[in-house]
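The values are calculated or read from the model by the stated rules, or taken from the named source; none is laboratory data. None of the values given here were measured: they were computed from a predicted structure. Please note: Cβ atoms are built from the backbone with ideal geometry, for glycine as well, and neighbour counts cover all protein chains shown. Side chains included, ligands, DNA and RNA excluded: accessible areas come from the protein's heavy atoms. Shrake-Rupley method; radii C 1.70, N 1.55, O 1.52, S 1.80 Å.
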Protein chains: 2
Amino acid sequence: MAKSSQFSIAIHVLAMLAKNCDERMKSEYIAKSVNTNPVVIRRLLGNLYEANLVVSQTGVCGGTCLTQKPEDITLLDIYRAVSSSEVFALHPQMPNQNCFIGKNIQKVLEELQDKVDSAIEEKLLRITLADVLKSVEKEANSPK
Amino acid sequence: MAKSSQFSIAIHVLAMLAKNCDERMKSEYIAKSVNTNPVVIRRLLGNLYEANLVVSQTGVCGGTCLTQKPEDITLLDIYRAVSSSEVFALHPQMPNQNCFIGKNIQKVLEELQDKVDSAIEEKLLRITLADVLKSVEKEANSPK
DNA sequence: CATAACTGTAACAAGTTTAGTTACAAATTA
DNA sequence: TAATTTGTAACTAAACTTGTTACAGTTATG
């Protein structure tokens with residue numbers, strides 16, 4: 001994935017939408033909860049729209065709501081919607097093809113990338129947005 | 001982890017050292033295979049030294065070699081030696097504590113970070129540097 | 001012991017990425 | 001028609017990554 005906080009913020013935003021499934025939520029309201037600029041939220045919602053997780057309406061009384069039930073949205077859906085890159089990067093420069101290791105390491109690293117990615121995806125596939133909301137409520141009720 | 005290629009390059013470097021366990025290897029030689037600057041390699045080797053994976057010697061006939069057998073070095077050892085951050089970042093700004101979601105989401109995200117990290121670590125723990133070298137050799141012998 | 005060959009590391013530059021901001025067109029409601 | 005809201009482009013600032021130069025310290029060897 002990356003150093004980016006897009007995944008975290010996406011979960012936050014979608015959890016808010018999940019808690020208020022029946023009404024449209026404005027980017028400005030969401031931004032106040034995330035503590036950022038509304039444009040940052042709208043950009044993120046654009047990615048979530050492309051992944052068919054939310055739908056927005058412009059104009060007065062506009063805003064965004066989920067397209068699916070929280071139980072049907074997995075963290076993998078969210079991860080794929082906002083995560084740009086792999087967990088770790090390959091060589092910035094092509095390794096020396098005259099070296100035995102240099103010539104063959106890239107394929108091996110790509111396979112490793114796949115394995116690590118699969119491990120992450122298997123984990124994320126088993127957690128839904130509804131689960132996240134449950135965890136949030138559990139946290140809210142836990143003694144500090 | 002990150003967009004960084006440190007993990008990839010570390011595996012490359014250690015694979016080279018593993019293939020020539022009995023002699024010290026110079027940073028300039030390694031750099032030519034990785035196709036980068038020797039200082040980049042020496043910086044990386046510094047991290048690997050702190051993790052007790054390699055040892056270097058200065059001066060004429062200096063260089064670096066492994067401190068352990070390739071079968072005893074796991075990719076998790078390497079990952080921990082060079083990976084600075086988590087797989088995904090939390091909020092850049094503290095969320096609004098007056099919002100129900102904002103107040104409780106961070107703990108939930110931290111728990112999620114732990115789960116994802118564990119998934120990665122379990123995978124990396126089961127692969128050794130010797131396995132990597134085997135994969136490289138297999139790749140070298142495979143028909144193109 | 002003088003010299004050449006190494007590593008270790010600081011300091012800096014360039015490129016990329018991320019987050020945040022302003023501005024404004026387009027769409028919608030009333 | 002006016003007010004409100006999203007979508008998006010353009011820009012800035014900060015952080016991170018890689019690469020580079022420079023040089024002090026260490027070691028082998030003639």
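Can you tell me which condition A:Pro95 does not meet? The list is (1) assigned to a loop (DSSP other than H, G, I, E, B); (2) more than 9 Å from chain B (Cβ to nearest Cβ); (3) not hydroxyl-bearing (Ser, Thr, Tyr), and all the others hold. Only one criterion in (1) assigned to a loop (DSSP other than H, G, I, E, B); (2) more than 9 Å from chain B (Cβ to nearest Cβ); (3) not hydroxyl-bearing (Ser, Thr, Tyr) is unmet by A:Pro95, namely (2).
Among the residues of the range B:104-143, those identified as without any contact (Cβ under 8 Å) to a residue 12 or more places away in the chain and either assigned to a loop (DSSP other than H, G, I, E, B) or more than 25 Å from A:Lys123 (Cα to Cα) (or both) are B:Lys134, B:Ser135, B:Glu137, B:Lys138, B:Glu139, B:Ala140, B:Asn141, B:Ser142, B:Pro143. In this entry, A:Glu50 is excluded by the filter for residues that are under 30 Å from B:Glu28 (Cβ atoms), more than 9 Å from chain B (Cβ to nearest Cβ) and surrounded by fewer than 18 Cβ atoms within 10 Å (Cβ to Cβ). Could you pull out the residue among B:Arg42, B:Arg24 that is within 13 Å of DNA strand D (Cβ to nearest atom) and in contact with a helix residue (DSSP H, G or I) (Cβ under 6 Å, 6 or more places away or on another chain)? Among B:Arg42, B:Arg24, only B:Arg42 is within 13 Å of DNA strand D (Cβ to nearest atom) and in contact with a helix residue (DSSP H, G or I) (Cβ under 6 Å, 6 or more places away or on another chain). For the range A:114-127, check the following and say yes or no: at least one residue is within 16 Å of DNA strand D (Cβ to nearest atom) and not hydrophobic (A, V, I, L, M, F, W, C). For the range A:114-127, residues within 16 Å of DNA strand D (Cβ to nearest atom) and not hydrophobic (A, V, I, L, M, F, W, C): absent. For the range B:18-45, the set of residues classified as in contact with a Cys (Cβ under 6 Å, 6 or more places away or on another chain) and farther than 15 Å from A:Cys99 by Cβ consists of B:Arg24 only.
Would you confirm, using the coordinates I've provided, whether B:Leu75 is open to solvent by less than 50 Å² (accessible area, probe 1.4 Å), at the interface with chain A (Cβ under 10 Å from one of its Cβ atoms) and either at pLDDT 95 or above or near DNA strand C (Cβ under 9 Å from one of its atoms) (or both)? So B:Leu75 passes the test. Taking the range A:1-26 as the range and being within 17 Å of the chain's Cα centre (by Cα), modelled with pLDDT of 95 or more and within 11 Å of DNA strand C (Cβ to nearest atom) as the test, the residues that pass are A:Ser5, A:Gln6, A:Phe7, A:Ser8, A:Ile9, A:Ala10.
Every listed requirement among (1) within 28 Å of the chain's Cα centre (by Cα); (2) open to solvent by 20 Å² or more (accessible area, probe 1.4 Å); (3) closer than 24 Å to B:Ser142 by Cβ; (4) within 16 Å of DNA strand C (Cβ to nearest atom) is met by A:Pro92 save one, (3). For beta carbons closer than 7 Å, sequence separation of 6+ or different chains, a first residue in the range A:30-57 that is modelled with pLDDT under 95 and within 7 Å of DNA strand C (Cβ to nearest atom) and a second that is of a type in the set (Ser, Thr, Tyr) and in a loop (DSSP other than H, G, I, E, B), there are no qualifying pairs.
If the condition is being outside any loop (DSSP other than H, G, I, E, B), more than 11 Å from DNA strand D (Cβ to nearest atom) and of a type in the set (Gly, Ala, Ser), then the range B:47-81 contributes only B:Ala81.
Can you work out which of the residues in the range B:1-46 that are in a loop (DSSP other than H, G, I, E, B) and at the interface with another protein chain (Cβ under 7 Å from one of its Cβ atoms) is surrounded by the most Cβ atoms within 10 Å (Cβ to Cβ)? Among them, the one singled out is B:Met1.
Once the range B:61-72 is narrowed to residues that are of a type outside the set (Asp, Glu) and touching a Leu at 6+ places or on another chain (Cβ under 9 Å), the residue that is surrounded by the fewest Cβ atoms within 10 Å (Cβ to Cβ) is B:Lys69.
Of all residues in the range B:78-92, those being at the interface with another protein chain (Cβ under 9 Å from one of its Cβ atoms) and either under 30 Å from B:Glu23 (Cβ atoms) or among the basic types (Lys, Arg) (or both) number 2. Criterion applied to B:Val108, B:Val132 was being open to solvent by less than 80 Å² (accessible area, probe 1.4 Å), under 20 Å from the mean Cα position of the chain (by Cα) and within 9 Å of another protein chain (Cβ to nearest Cβ), and the one residue passing it is B:Val132.
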